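Heads up, the thing below is written out as structure tokens.
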């Protein structure tokens, strides 16, 4: 409550200041002032992020391993927060039967999640384990100051460094190692997220998850078994072997899927450690109700896919309506299915058929050319080109084309449909004049027609999308099938018929 | 190969070796050497005088001999400014090696000051960075194998293995073209001028180099940025202070030619 009063007071001061500044430009004065007082303007960033010296006893930050997120700080005043983060170099699986030497913050990839509040003074201890081979440091994007702490935290194996910063900007920030060679340290998994809560905290939700994408470069191929060393060439070329959520293929699938329930509101804190790739982050079957894009203060609503740059982050929130498995992917989609960028969010609970029915009916649908044997068509085309097209080839090609275009109405065996589509099989209409077949194909057929003693009120549209070749082949197939009299229609004949429009031709659809 | 051996015989007397010299040291002819570091004043390469380098890193047994001769370097006597508390902490006692420090293993948990004192005690000195880099540019057959991606990969593979397993004994690997062993793949090694390798703790400051570090030429930047294998060793050395010791940092000594 005190905070709200304070913010209001700030807003009033800001309004006055703006009004004062723009007094020389009376046109804009009203607009500026109203924007500031409406409360949807800027929050002031780092200039308004210092809430004074830390109050009370120092607090030790709760760090969590992914996919867990530490609890909200629940504080209304700035505190001194002590963060102790261990650098651990260790071998871990990157895929099934494949191991990799990761360099980590806190023993996991991504590193431990850090949560503080805007205005907090953070005393940071970076401890490099004695077994480490390499020196390491940390650059927190949430730090205001050169290098984000990197130069102040360069730490030899078996040593510890301390530096202190004030968290001036609220937001979700990436941290990573910046020791030479930076790219290799990042590619080995040295990154994580720090959430700097806004003064009023994040809106409460039912579930919070920590997911971070990264690209990995191994000398062996994707899923090649055994221990795989880092491949510098691939990293420079930006050709990752793996693109992963939370550092290993399967880190968030199967038994390790993120668990939620229908009715929950879920918030994800999603980072992208890179080193190289930008992520098109998407949850299949969910729409983000809110995305705090780029991890900042404002949110966008109703978003399908959000872009997360390398070295960037975003928060997204959505409500679970329907149970099932929702797949998290990088929608740069080959990464999901060929490089591992895939995770599962599993929602348990009752179905809601009004929102999503599940599968209702399975039925056959044959569209145009559903499954024609296009080989026969190709053969006919080749022969036609060579000038030695046989009737047999025409029939074969025509059969394939008929199955796609004509069989939908006249039926696969030319039997027609009583009262609706006249039969082509043993047709006295065709026997009366074989030219009627190509004519009907090219110009359609409208009006009453009697076939095999039955009346049809025909409304066949012209199939003039077919080429002269195709018309000739289909007609030849029909003439030589189902007891029809036989014969042949050539390409030239089809071309000639195309030119003459009979009186009963269809006007088309 | 035979020709090369003959050359070595010529070089060795130049190095002016005494006593254990011939067996323990390899002679290197020196000359112009293109470092992976960008030296503003040595664009055509740094000049390296003929020198001799220990074939293997100094072992626990050898270092035990040293602290027995000079007790002020035993871990319970050494001054805090010369070695941090973990100096030789893996030895069973100040004068006994024990199971965690076998005689043939390279000595680790040694400070720069202790390494320097050891070399002095055997009439030698620590190699300079340039000497070390020059010697370590070789593989088993070539004096400069650095352009070979396979060379880099081998070294990077060792960097990527944490030091949580017992060290092999020194002298196990095949000697390089100079007759020197274990420059890669066993332990990091102190160099005499390690503290002039002032690589910024923040590797991304290369476009805005700290000119105050000018006298440390290593601060300027890498000439060969793809040579991560060398860069990482510079980074390691520049993270250290003279009294520091780590689980995988040892040393070997060098001698100048007369």
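Computed from the C-beta positions of residue A:350 and residue A:59 and an R0 of 41 Å, the FRET efficiency is 0.50 to the nearest 0.05.
Only Cα pairs under 8 Å and 6+ residues apart enter the sum, and on that basis the relative contact order of the stretch A:113-232 stands at 27 percent.
In plain terms, the residue of A:125, B:77 with the fewest other Cβ atoms within 10 Å comes first and the most crowded comes last, giving B:77, A:125. Between residue B:61 and residue B:175, take the C-beta separation as r, use R0 = 30 Å, and let me know the FRET efficiency to the nearest 0.05. So, using R0 = 30 Å, E works out to roughly 0.90. Annotation: the residues A:64, A:164, sorted from fewest to most other C-beta atoms within 10 Å of their own C-beta, follow the order A:164, A:64.
Cβ crowding within 10 Å, taken as a proxy for footprinting-reagent exposure, orders A:282, A:185, A:227 from fewest neighbours to most as A:227, A:282, A:185. Computed log10 I(q)/I(0) for the stretch A:41-103 at 0.17, 0.18, 0.25 Å⁻¹: -0.84, -0.88, -1.16, from the Debye equation with unit scatterers placed on every C-alpha and solvent omitted.
The C-alpha atoms of chain A define a longest principal axis, and helix A:374-386 lies at about 60 degrees to it. Let me know the shape class of the stretch A:374-434, please: from the alpha-carbon gyration tensor, a ≥ b ≥ c as square roots of the eigenvalues, rounded when a/c is under 1.5, otherwise prolate if a/b is greater than b/c, or oblate. In terms of gyration-tensor shape, oblate.
The residue A:297 and residue B:92 beta-carbon pair, evaluated with R₀ = 51 Å, returns a calculated FRET efficiency of approximately 0.30. In whole percents, the pair-distance distribution calculated for the protein assembly as shown from its alpha-carbon pairs, binned every 10 Å from zero, is 2, 11, 16, 15, 13, 11, 10, 9, 7, 4, 2, 1, 0. Antiparallel versus total DSSP beta bridges in the protein assembly as shown: what percent is that, nearest 5? Counting only bridges with both partners in the protein assembly as shown, antiparallel ones make up about 75 percent. Peptides A:263-270, A:388-395 ranked from most to least packed, by the mean per-residue count of other Cβ atoms within 10 Å: A:263-270, A:388-395. I'd like the distance between the alpha-carbon centres of the stretch A:444-499 and the stretch A:164-243, rounded to an integer number of Å. So the separation of the two Cα centres works out to 65 Å. Take the Cα of residue B:76, step 7 Å toward its Cβ, do the same at residue A:255, and the gap between the two points is 5.1 nm. Once you order the gyration tensor axes a ≥ b ≥ c over the Cα atoms, which shape class does the stretch A:421-462 get: rounded for a/c under 1.5, otherwise prolate or oblate by comparing a/b with b/c? Since a/c reaches 1.5 but b/c is at least a/b, the shape of the stretch A:421-462 is classed as oblate. For the stretch A:327-474, the fraction of C-alpha pairs more than 25 angstrom apart is 51%. Across chain A, Cα pairs under 8 Å and at least six residues apart give a relative contact order of 9 percent. Among the residues of B:227-234, the average count of other protein chain beta-carbon atoms within 10 Å of the residue beta-carbon is 3.
Relative to the longest principal Cα axis of chain A, at what angle does helix A:2-21 sit, 0 to 90 degrees, rounded to 10? Orientation of helix A:2-21: about 80 degrees from the principal axis. The long axis of helix A:26-38 is offset from the longest Cα principal axis of chain A by roughly 80 degrees. Peptide A:122-131: average number of partner chain Cβ atoms within 10 Å per residue? Per-residue shielding by partner chains comes out at 2. Taking one quarter of the surface of the C-alpha convex hull of the stretch A:217-370 gives a mean projected area of 12.9 nm².
Note on residue A:307 and residue A:488: the model spin-label points, each 7 Å out from Cα along the C-beta direction, lie 6.1 nm apart. With Cα atoms defining each centre, the stretch B:52-124 and the stretch A:103-153 are spaced 33 Å apart in the structure. According to the calculation over all Cα-Cα pairs in the stretch A:115-236, the P(r) per 5 Å bin from zero is 2, 10, 16, 19, 17, 15, 10, 7, 4, 1 %. Reported to the nearest whole Å, the Cα centre-to-centre distance from the stretch B:160-177 to the stretch A:263-315 is 45. Taking label positions 7 Å along the Cα-Cβ direction at both residue A:233 and residue B:166, the computed distance is 3.7 nm, reported to one decimal.
Calculated on C-alpha atoms, the gyration radius of the stretch B:26-167 divided by its Kirkwood radius gives an Rg/Rh of 1.02.
Within 10 Å of the Cβ of each residue in A:226-237, the mean number of Cβ atoms contributed by other protein chains is 3. When Rg and the Kirkwood radius Rh are both evaluated on Cα atoms of the stretch A:419-500, their ratio Rg/Rh stands at 0.95.
Every number in this text was worked out from the coordinates using simple rules, so none of it is lab data. Please read these numbers as outputs of a predicted model, since none were measured by experiment. Ideal geometry is used to build each Cβ from the backbone, glycine not excepted, and the neighbour counts take in all protein chains shown.
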